[in-house]
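Structure, as structure tokens:
The values are calculated or read from the model by the stated rules, or taken from the named source; none is laboratory data. Note that this is a predicted model, so its numbers are computed, not measured. Here the Cβ positions follow ideal geometry from the backbone for every residue, glycine too, while neighbour counts run over all protein chains shown.
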Amino acid sequence: MDQKKLYRTIESVASQKFSNEHELLADVLNQIIANEQIKFTGGRIWKLDPTKNAYRILFQVGNVQKITEDFLLHIEENPIFDKVSVERSILADETNTTLMSKGIFKYSAAGVGRKVRVGEKMYYEYMIAVNSDLIGDDLRYTLNIVATVLTSKLNETFLSRSRKNLIADIDKAKQLQRSILPAHEMKFFDYDLFGVTIPAEIVAGDFYDYLKIGDDEERLGIVVGDAASKGLGAAAEAMYISGALRMASTFQIKISPMLFRLNQLVNKIFSDDKFTTLFYGEISNDKKGLFLYANAGHNPPFFFRKKTGEVLLLDPTGPLLGPAPNSKYETDHINFKKGDILVIYSDGIVESANEKYDFYGEERLKKIIQDSVDHTPKEITSIILDDLLKFSTNDSKYQDDKTIVVIKRNG
């Protein structure tokens, strides 16, 4: 039979929809045994059982006596399996007395599917063995084509299942991250807050949080973090740090020792190429508007004084989290007056690029905020994002996660 025609025939059979791998293998074997042009008189599908170091019968068809389901072909008793692992298809005389008693004296066998480790060697997950009155190279070529098509279809099934599982896992991660992020809008004594994180991909390495501290909840911690890189790895690091900060907030630990301990944890848990920038600050019902903060290598937030028009940058008070386990973090402070605004943001804002590869930049962000000081935090956030959308390209290669938290004192 023409080999290309045979390939198309087998490929057509194997391309039908099947509920599982076993159904695919059984149906294809049935159809090729029934095809008079292929000239197979019988066949068997064997499946590797790594726990038994043996192959067990999965499906059999043809004019030989049936093999019992509990029958095993042990690898150590059949060195031919080592040859199949290397050469893929073989022609052989049957030597197993049980199989010979079933009328199987000659066969052609081929490995199918992925390879599985058993001890120190790798063996095909499935074995297809066929009987024919025409034992020779033509039979081996035919079986090679059958095995190739089946392996291809099994791999497609495996990848499809893997993609579905991955998509399901990513959806769960996305839902989990959404459940961890706080509500966008919040009011705390004389302060209004609004925050948002926009992932560059499905999940974000950026995060923000509002943490009510202590039993009396007289203080509110505001945190904005940015785990290096994007995707699931960064999201996992972000969620870990966010959870650690939530736990720390219940113990009312002072800011500097809290970041010192958090840095040690990040250094211990994550690999050397992982790091996170983080800004943490606390507001309270203090009449003077005291705001204590520490900046672990994060973009300096903008602090706008309503009365004077002055703009302050809250520069880093310590290094980013991760690389050096014994880093120190100082605590600094500012005082909010009525109408003052603090804008905390991640580098995905200022490093967004347009089609000319120009960055959005700190100065453009600063001007947008200065022109919006009479708006609410929610409105300021919306104005920034609208301007950013007009500026930047949609090419994801130049995009990163984006986070903004705006705090305004109104009383």
Pairs, first surrounded by 12 or more Cβ atoms within 10 Å (Cβ to Cβ) in region 245-257, second among the polar types (S, T, N, Q) and at pLDDT 85 or above, C-beta under 6 Å, six or more apart: Ile255/Thr331; Ser256/Thr331
Filter region 360-384 down to the residues that are buried (at least 16 other Cβ atoms within 10 Å of the Cβ) and hydrophobic (A, V, I, L, M, F, W, C) and list them by number. Leu365, Ile368, Ile369, Ile380, Ile384
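Consider Phe303 carefully, then state whether it is surrounded by 15 or more Cβ atoms within 10 Å (Cβ to Cβ) and touching a Gly at 6+ places or on another chain (Cβ under 8 Å).
Numbers: surrounded by 15 or more Cβ atoms within 10 Å (Cβ to Cβ): yes; touching a Gly at 6+ places or on another chain (Cβ under 8 Å): no.
No: the conditions fail for Phe303.
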Could you list, ordered by first residue, the pairs with Cβ atoms under 9 Å in which the first is in region 47-64 and crowded, with 17+ Cβ neighbours inside 10 Å and the second is part of a loop (DSSP other than H, G, I, E, B) and hydrophobic (A, V, I, L, M, F, W, C), at least 6 apart or interchain? Ile57/Ile67; Ile57/Phe71; Gln60/Ile67; Gly62/Phe40; Val64/Ile104
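Could we say that Ser179 is of a type in the set (S, T, N, Q), in a helix (DSSP H, G or I), modelled with pLDDT under 70 and farther than 30 Å from Ile32 by Cα here? It would help to see each step written out before you state the result.
Values: of a type in the set (S, T, N, Q): yes; in a helix (DSSP H, G or I): yes; modelled with pLDDT under 70: yes; farther than 30 Å from Ile32 by Cα: yes.
So Ser179 fits the description; yes.
For region 344-383, what are the residues that are of a type in the set (A, V, I, L, M, F, W, C), assigned to a helix (DSSP H, G or I) and under 30 Å from the mean Cα position of the chain (by Cα)?
Kept after step one, since they are of a type in the set (A, V, I, L, M, F, W, C), are these residues of region 344-383: 344, 349-350, 353, 359, 365, 368-369, 373, 380, 383.
Subsequent filtering for residues that are assigned to a helix (DSSP H, G or I) retains 349-350, 365, 368-369, 380, 383.
Ile349, Val350 - these are the residues of region 344-383 that are of a type in the set (A, V, I, L, M, F, W, C), assigned to a helix (DSSP H, G or I) and under 30 Å from the mean Cα position of the chain (by Cα).
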Which numbered condition trips up Glu201, out of (1) out of contact with any helix residue (DSSP H, G or I) (no Cβ under 9 Å at 6 or more places or on another chain); (2) farther than 25 Å from Pro319 by Cβ; (3) of a type outside the set (Lys, Arg)? (1)
With respect to Val116, determine if the residue is within 23 Å of Thr148 (Cα to Cα), crowded, with 17+ Cβ neighbours inside 10 Å and either assigned by TED's automatic domain parsing to the domain that holds Lys39 or not hydroxyl-bearing (Ser, Thr, Tyr) (or both). no
Look at Lys337 and say whether it is loosely packed, with under 15 Cβ neighbours inside 10 Å, on the phi < 0 side of the Ramachandran plot and either part of a loop (DSSP other than H, G, I, E, B) or basic (Lys, Arg) (or both). yes
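Going through Lys212, Lys288, Lys268 one at a time, which residue ends up being basic (Lys, Arg) and assigned to a loop (DSSP other than H, G, I, E, B)? Quick ask: steps written out before the conclusion?
Values: Lys212 fails: assigned to a loop (DSSP other than H, G, I, E, B); Lys268 fails: assigned to a loop (DSSP other than H, G, I, E, B).
Matching residue, one of Lys212, Lys288, Lys268: Lys288.
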What pairs can you find where one residue is in region 286-310 and more than 21 Å from Ile349 (Cβ to Cβ), the other is among the small types (Gly, Ala, Ser) and part of a loop (DSSP other than H, G, I, E, B), and their Cβ atoms are less than 9 Å apart, with a gap of 6+ or different chains? Arg305/Gly339; Lys306/Gly339; Lys307/Gly339
Those residues that are within 15 Å of Ile67 (Cα to Cα) and among the charged types (D, E, K, R), I need them from region 89-128; list them, please. Glu94, Lys102
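Does region 306-330 hold any residues that are in a loop (DSSP other than H, G, I, E, B), surrounded by 15 or more Cβ atoms within 10 Å (Cβ to Cβ) and not polar (S, T, N, Q), and which are they?
Here is the first cut: in region 306-330, the ones in a loop (DSSP other than H, G, I, E, B) are 306-310, 314-317, 319-320, 322-330.
When the remaining residues are screened for being surrounded by 15 or more Cβ atoms within 10 Å (Cβ to Cβ), the result is 306, 314, 316-317, 319-320, 322-323, 327, 329.
Residues satisfying the conditions are Lys306, Leu314, Pro316, Pro319, Leu320, Gly322, Pro323, Tyr329.
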